[in-house]
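This report refers to the structure that appears directly beneath it.
The numbers here are math on the coordinates, done by the rules we state, and not lab data. Predicted model, so just to flag it, every value in this text is computed and none were measured. Glycine gets a Cβ as well: all are built from the backbone with ideal geometry, and neighbour counts include every protein chain shown.
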Amino acid sequence: MYTFITLTTVIAAALAAPAKQARQTLPTLNFNVANDVSGANVGSSILSDGTALTFSHIFAGTALDLDGTIIATSMQSTSNGAGIFCIVADGEGNQVGLLNERSTFVDLDGQEGAFETDVSEFTILCEA
């Protein structure tokens, strides 16, 4: 009797559970960050979910990592970027550049020519 009641309860609960919805697939932007002085460059990608990621998080342990400091001069998107809008900001939240389907290059050092810059606290945030 108890088995029947338990089994009935489990079946009723399973039928009452909401149906699984299809997951929303957000586009990603592929990009490359370079140190044009040393020649080091590293590719990465970011999901367009509105989450800001620091360069120190993305590029730790890569060719851009110089003893825990991420050194770079520029970045550019390496994928279409259609429908994606990305903001690149310095460690104080000041906008350094944009990446989207029309704007594909960001000068991280902010100067003419290539000057190695600590971009460890720079962030990139993308939305679709």
Legend entry - Wholly within the stretch 40-128, strands (runs of 3 or more DSSP E) carrying at least 3 residues that are touching a residue at least 40 places away in the same chain (Cβ under 8 Å) and surrounded by 15 or more Cβ atoms within 10 Å (Cβ to Cβ): 69-72, 74-77, 123-127
Legend entry - Test: residue in the stretch 55-74 that is in contact with a strand residue (DSSP E or B) (Cβ under 7 Å, 6 or more places away or on another chain), of a type outside the set (A, V, I, L, M, F, W, C) and more than 19 Å from Ser120 (Cα to Cα): no
